[in-house]
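What follows is one structure encoded as structure tokens, with my remarks underneath.
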Amino acid sequence: MQTSPTKTRIQSIDVLRGLVMVIMALDHVRDFIYKADLTKAADAALDPTNMKTTFPALFFTRWVTHFCAPIFVFLAGTSIYLMSQKMTKNELSVFLFKRGIFLILLEVTIVTFGWSFNPFFNVFILQVIWAIGISMILLGFVIHLRYKIIFAIGLLIVVGHNILDIPSIAAPLKGTLLSNLVYFTNFTFYTITTNHLVIVAYAFLPWAGVMMLGYCMGKLYEKNSNDALRRTILLKLGLLITFAFILIRLSNLYGDPIPWSTQPRGPVFTFLSFLNLNKYPPSFLFIAMTIGPAMVSLSFLEKIQNSFTNTMNVFGKVPMLYYVLHLYFIHVGLVVIFFMQGFSVENIISSSNPFYFKPNGIGFGLVGTYIVWIVIVVILYPLCKKYSEYKSTHKQWWLSYL
């Protein structure tokens with residue numbers, strides 16, 4: 001049974017958030033640990049979405065993690081709406097501004113170091129945490145508008161932003177730092193000094209739209225809301241979005257800059273091409289493909305209570321701690337593998353990779369990658385559980401930021 005958000009957290013939201021965070025760790029373990037088998041043509045490239053070289057297990061290892069960022073950002077918006085039920089608009093606006101600044105600083109310091117292990121910070125990476133931070137700052141202004149206007153803005157951004165991919169519209173806009181920060185980036189590099197650069201991985205505009213729509217969904221979880229009606233709305237809306245994704249994707253007319261096509265490697269790879277959507281920036285269809293099933297999942301998770309949901313609930317309650325810790329545990333694991341596989345200190349810095357301890361040839365195949373992922377998640381559980389218990393019994397101001 002769902003409990004009131006004014007009294008406690010919404011378990012179904014925490015469970016889904018925890019689940020996607022566990023899946024997210026798989027993608028990051030793959031980034032660090034997976035080693036392509038160069039003797040196999042199908043595994044000749046590390047890009048798991050390259051239809052010429054990928055194979056189904058590798059593709060779906062990457063594809064399933066596409067659900068993580070959209071759902072996480074969407075649910076962040078929902079959580080902000082629940083906060084709005086206990087705070088004034090001005091209080092919430094100030095908090096979102098502070099939280100946003102905190103997340104941006106966290107991205108370029110602790111998170112960047114977790115990715116790189118480079119003590120000289122030669123590379124700064126603007127990824128999902130930065131995009132969430134900027135989105136929170138924008139939402140801090142937008143929440144003063146009427147609910148319908150917020151929904152309209154969020155829907156316009158999410159559904160309409162792929163208009164910017166039209167060549168005649170994109171041409172005069174692309175190429176600047178600002179345009180890449182807002183929309184066009186695809187891991188764009190910018191030089192700060194001779195030895196320092198920044199990688200803009202996530203453009204914030206589509207993610208801000210996702211957060212606004214997640215904020216609007218929070219209305220379904222208001223105090224005294226009808227649980228059965230909410231589940232029905234979530235189920236129907238989630239199915240509608242999913243079916244809309246399938247139909248629009250089949251048409252190849254709009255919604256993603258990468259059209260699907262018949263693949264020479266056979267019907268399986270044609271299906272993979274259909275699912276291969278653009279994440280940088282996230283297309284309308286990418287968002288629909290992930291948020292539709294998320295809403296369906298929320299409708300069912302309200303009535304499920306078992307050891308699995310209890311475990312995911314723990315991770316979902318402490319998302320920021322989990323995110324930071326999982327990066328460091330993965331990278332420390334990479335250091336251990338680095339020395340176990342006979343690499344020397346001369347190999348710590350690689351000219352072909354901005355991450356330390358990641359020379360060419362390090363790591364395991366896909367099975368080994370999954371084993372490392374499971375081990376790291378198991379190690380993280382008691383740490384997250386301990387911190388979750390601490391948060392539930394303490395009220396220090398800084399806990400709201402972590």
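Among the candidates 61, 112, 54, 88, single out the residue that is touching a Pro at 6+ places or on another chain (Cβ under 8 Å) and either of a type in the set (Gly, Ala, Ser) or at pLDDT 95 or above (or both). Give the derivation first.
Working: 112 fails: touching a Pro at 6+ places or on another chain (Cβ under 8 Å); 54 fails: either of a type in the set (Gly, Ala, Ser) or at pLDDT 95 or above (or both); 88 fails: touching a Pro at 6+ places or on another chain (Cβ under 8 Å).
Exactly one residue qualifies, and that residue is 61.
Of these, 82, 126, 96, which one is of a type outside the set (Gly, Ala, Ser) and touching an Asp or Glu at 6+ places or on another chain (Cβ under 7 Å)? Outline the logic, then answer.
Working: 82 fails: touching an Asp or Glu at 6+ places or on another chain (Cβ under 7 Å); 96 fails: touching an Asp or Glu at 6+ places or on another chain (Cβ under 7 Å).
So the residue among 82, 126, 96 that is of a type outside the set (Gly, Ala, Ser) and touching an Asp or Glu at 6+ places or on another chain (Cβ under 7 Å) is 126.
Could you figure out which of (1) in a helix (DSSP H, G or I); (2) in contact with a Ser or Thr (Cβ under 9 Å, 6 or more places away or on another chain); (3) farther than 18 Å from residue 24 by Cα isn't true of residue 289?
Residue 289 satisfies every listed condition except (3).
In the list 358, 303, which residue meets the criterion of being within 17 Å of residue 11 (Cβ to Cβ) and modelled with pLDDT under 95? Break it down stepwise before answering.
On the way: 358 fails: within 17 Å of residue 11 (Cβ to Cβ).
Of 358, 303, the one residue that is within 17 Å of residue 11 (Cβ to Cβ) and modelled with pLDDT under 95 is 303.
Can you tell which of 227, 256 is out of contact with any Pro (no Cβ under 9 Å at 6 or more places or on another chain), of a type in the set (Asp, Glu) and over 22 Å from residue 79 (Cα atoms)?
Working: 227 fails: over 22 Å from residue 79 (Cα atoms).
Checking each option against the conditions leaves just 256.
Criterion first (more than 25 Å from residue 401 (Cβ to Cβ), among the aromatic types (Phe, Trp, Tyr) and assigned to a helix (DSSP H, G or I)) does residue 315 satisfy it? Step through it out loud before you land on a result.
Details: more than 25 Å from residue 401 (Cβ to Cβ): no; among the aromatic types (Phe, Trp, Tyr): yes; assigned to a helix (DSSP H, G or I): yes.
Judged against the criteria, residue 315 is not a match.
I'd like to verify a number: residues in the range 138-178 that are touching a residue at least 12 places away in the same chain (Cβ under 8 Å) and more than 21 Å from residue 241 (Cβ to Cβ), how many?
Selection size over the range 138-178: 10.
Considering every residue within the range 346-367, establish whether at least one is under 22 Å from the mean Cα position of the chain (by Cα) and either polar (S, T, N, Q) or farther than 22 Å from residue 112 by Cβ (or both).
Going through the range 346-367, the residues under 22 Å from the mean Cα position of the chain (by Cα) turn out to be 354-355, 366.
Narrowing the set further to residues that are either polar (S, T, N, Q) or farther than 22 Å from residue 112 by Cβ (or both) leaves 366.
Yes: one or more hits.
Any chance the range 256-266 includes a residue that's touching a residue at least 40 places away in the same chain (Cβ under 8 Å), buried (at least 16 other Cβ atoms within 10 Å of the Cβ), under 14 Å from residue 160 (Cα atoms) and out of contact with any strand residue (DSSP E or B) (no Cβ under 9 Å at 6 or more places or on another chain)?
Checked against the condition, which is being touching a residue at least 40 places away in the same chain (Cβ under 8 Å), buried (at least 16 other Cβ atoms within 10 Å of the Cβ), under 14 Å from residue 160 (Cα atoms) and out of contact with any strand residue (DSSP E or B) (no Cβ under 9 Å at 6 or more places or on another chain), the range 256-266 yields at least one hit.
Can you pull out every residue in the range 245-286 that is on the phi > 0 side of the Ramachandran plot and in contact with a Phe, Trp or Tyr (Cβ under 7 Å, 6 or more places away or on another chain)? Show your work before the answer.
First, pick out the residues of the range 245-286 that are on the phi > 0 side of the Ramachandran plot: 252, 255, 266.
Matches in the range 245-286: 252, 255.
Consider only pairs whose beta carbons are under 6 Å apart and that are at least six residues apart or on different chains; among these, list those whose first residue lies in the range 277-290 and is closer than 11 Å to residue 162 by Cβ and without any contact (Cβ under 8 Å) to a residue 12 or more places away in the chain and whose second residue is aliphatic (A, V, I, L, M) and not in a strand (DSSP E or B).
Filtered contacts from the range 277-290: no entries.
Return the pairs, sorted by first residue and then second, in which the second residue is surrounded by 18 or more Cβ atoms within 10 Å (Cβ to Cβ), the first residue lies in the range 325-343 and is in a loop (DSSP other than H, G, I, E, B), the beta carbons are less than 9 Å apart, and the residues are 6+ apart or on different chains.
Qualifying pairs under 9 Å: 341/362; 341/363; 343/337; 343/357; 343/359; 343/362.
With the structure loaded, tell me whether residue 299 is in a helix (DSSP H, G or I), among the polar types (S, T, N, Q), in contact (Cβ under 8 Å) with a residue 24 or more places away in the chain and touching a Lys or Arg at 6+ places or on another chain (Cβ under 7 Å) or whether it fails that test. Spell out the reasoning first.
Working: in a helix (DSSP H, G or I): yes; among the polar types (S, T, N, Q): yes; in contact (Cβ under 8 Å) with a residue 24 or more places away in the chain: yes; touching a Lys or Arg at 6+ places or on another chain (Cβ under 7 Å): yes.
The answer is yes for residue 299.
Would you mind finding the one in 236, 279 that is exposed (fewer than 14 other Cβ atoms within 10 Å of the Cβ) and either in contact with a Cys (Cβ under 8 Å, 6 or more places away or on another chain) or under 23 Å from residue 212 (Cβ atoms) (or both)?
Numbers: 279 fails: exposed (fewer than 14 other Cβ atoms within 10 Å of the Cβ).
Being exposed (fewer than 14 other Cβ atoms within 10 Å of the Cβ) and either in contact with a Cys (Cβ under 8 Å, 6 or more places away or on another chain) or under 23 Å from residue 212 (Cβ atoms) (or both) holds for just one of 236, 279, which is 236.
Consider the range 125-142. How many of its residues are of a type in the set (Phe, Trp, Tyr) and crowded, with 21+ Cβ neighbours inside 10 Å?
The total comes to 1.
Is it the case that the range 284-300 has a residue that's surrounded by fewer than 16 Cβ atoms within 10 Å (Cβ to Cβ), more than 27 Å from residue 53 (Cβ to Cβ) and not polar (S, T, N, Q)? Let's see the steps before the verdict.
We begin by selecting, within the range 284-300, every residue surrounded by fewer than 16 Cβ atoms within 10 Å (Cβ to Cβ); these are 300.
If we keep only those that are more than 27 Å from residue 53 (Cβ to Cβ) as well, we get 300.
Restricting the remaining residues to those that are not polar (S, T, N, Q) gives 300.
Yes, the range 284-300 has at least one match.
Look through 391, 358 and report the one residue that is in contact with a Leu (Cβ under 9 Å, 6 or more places away or on another chain) and over 28 Å from residue 123 (Cα atoms). So that I can check it myself, show each step before the final result.
Details: 358 fails: over 28 Å from residue 123 (Cα atoms).
Sole residue among the options that is in contact with a Leu (Cβ under 9 Å, 6 or more places away or on another chain) and over 28 Å from residue 123 (Cα atoms): 391.
One line per residue, one yes/no per condition, for (1) surrounded by fewer than 17 Cβ atoms within 10 Å (Cβ to Cβ); (2) not in a strand (DSSP E or B):
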site	(1), (2)
144	yes, yes
153	no, yes
161	no, yes
164	no, yes
168	yes, yes
174	yes, yes
183	no, yes
192	yes, no
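The values are calculated or read from the model by the stated rules, or taken from the named source; none is laboratory data. Every value quoted in this text rests on a predicted model; they were computed, and no experiment measured them. Don't worry about glycine lacking a Cβ; one is built from the backbone with ideal geometry, like all the others, and counts go over all protein chains shown.
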